[in-house]
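Just passing along the structure, written as structure tokens.
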Amino acid sequence: MKKIERSSMRLHAYEMIKQAIITGDLAPERRVRDAELSELLGISRTPVREAILRLEDEAFIVSKPNSYTMVAPIDLEEVREAYTIVASLEALAVREIVKHCNQTDIKTLIDLNADYERALQRKQSIEALEADLAFHGAIVHIAKNDTLIKILTPLRDKIVRVEYHYFNDHSPKEKSYQEHERMIEAIQQKNESVAVQQIQENWMNSLEYLLTNYK
């Protein structure tokens, strides 16, 4: 039982610290101290240290021996690479969706995009971001490709962090909603080329906005 409990605490620490980094509660370049995090999370320092090591392996945390441990800065070149790869991988997912989707799948995408539109209308930037993430998550799950999900998940985590950091107040969200809408229409019409074009443009337009405004 002790081994299970320790494993559970380690996972809890990992998930909580990672989420804080992604959402910006632990800001880029903030110094990380296991004692401080242990107190904040209400757990012992050992699982916190183990979580920090795992997050360092995933490049969410960087350290210099005998000097510092801190939240990794945001590298816009790495962001560019991640957006480009995700655009291509989600295009693969869309190709699969066009081939086998049903009306339930279509309704799921329509409903999620409607959630996104409502958040935009209420000018709720975090709610809109989370609705957008839910929409893109649905695309991959509807494609029913477990390997694609495994490849995309760590890349999407990096992108989500960037979008929390940069897209809080100003972003081309209305345009993104319209791109989603056109993609759904193309899927309904079994127009693979247009559906793929829309999902790729959706990602690359967001990347262009990011690189133009935050260099």
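Are any residues in segment 46-68 part of a helix (DSSP H, G or I) and either closer than 30 Å to E181 by Cβ or of a type in the set (D, E) (or both), and if so, which ones?
E50, E56, D57
From the set of residues in segment 126-145 that are farther than 19 Å from R95 by Cβ and buried (at least 18 other Cβ atoms within 10 Å of the Cβ), which is farthest from the chain's Cα centre (by Cα)?
A128
Return the pairs, sorted by first residue and then second, in which the second residue is part of a helix (DSSP H, G or I) and modelled with pLDDT under 95, the first residue lies in segment 196-215 and is among the small types (G, A, S), the beta carbons are less than 7 Å apart, and the residues are 6+ apart or on different chains.
Note: pairs meeting the criteria are S206/S176.
Counting just the residues of segment 31-68 that are surrounded by 14 or more Cβ atoms within 10 Å (Cβ to Cβ) and among the hydroxyl-bearing types (S, T, Y), which one comes out nearest to the chain's Cα centre (by Cα)?
S63
Conditions tested, residue by residue: (1) out of contact with any helix residue (DSSP H, G or I) (no Cβ under 8 Å at 6 or more places or on another chain); (2) surrounded by 15 or more Cβ atoms within 10 Å (Cβ to Cβ); (3) assigned to a helix (DSSP H, G or I).
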residue	(1), (2), (3)
E117	no, yes, yes
T147	yes, no, yes
K150	yes, no, yes
E163	no, yes, yes
K175	no, no, yes
A195	no, yes, yes
Q200	no, yes, yes
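May I pose another question? Under 7 Å between Cβ atoms, which residue pairs at least 6 apart in sequence (or on different chains) link something in segment 85-113 that is in the same structural domain as H141 (by TED's automatic domain parsing) with a partner that is hydroxyl-bearing (S, T, Y) and crowded, with 20+ Cβ neighbours inside 10 Å?
What qualifies is N113/Y177.
Give the residues of segment 69-84 that are assigned to a loop (DSSP other than H, G, I, E, B) and either surrounded by 15 or more Cβ atoms within 10 Å (Cβ to Cβ) or touching a residue at least 60 places away in the same chain (Cβ under 8 Å) (or both), sorted by residue number. I'd like the intermediate steps shown before the answer.
Initially, segment 69-84 is screened for residues assigned to a loop (DSSP other than H, G, I, E, B), giving 72-75.
Of everything in segment 69-84, those that are assigned to a loop (DSSP other than H, G, I, E, B) and either surrounded by 15 or more Cβ atoms within 10 Å (Cβ to Cβ) or touching a residue at least 60 places away in the same chain (Cβ under 8 Å) (or both) turn out to be A72, I74.
Could you pull out the residue among N168, N191, N205 that is modelled with pLDDT of 90 or more, over 28 Å from T104 (Cα atoms) and more than 12 Å from the chain's Cα centre (by Cα)?
Result: N205 is the single residue among N168, N191, N205 that is modelled with pLDDT of 90 or more, over 28 Å from T104 (Cα atoms) and more than 12 Å from the chain's Cα centre (by Cα).
Going through I43, I74 one at a time, which residue ends up being more than 29 Å from N213 (Cα to Cα) and aliphatic (A, V, I, L, M)?
After applying the criteria, what remains is I43.
Which of the residues belonging to segment 119-147 are more than 21 Å from T104 (Cα to Cα) and not acidic (D, E)?
Matches in segment 119-147: A119, L120, Q121, R122, K123, Q124, S125, I126, A128, L129, T147.
Go through (1) touching a residue at least 60 places away in the same chain (Cβ under 8 Å); (2) assigned to a helix (DSSP H, G or I) for P28 and report which single condition fails.
Unmet condition: (2).
The values are calculated or read from the model by the stated rules, or taken from the named source; none is laboratory data. Owing to the predicted nature of the structure, the values given are computational and were not obtained by experimental measurement. Please note: Cβ atoms are built from the backbone with ideal geometry, for glycine as well, and neighbour counts cover all protein chains shown.
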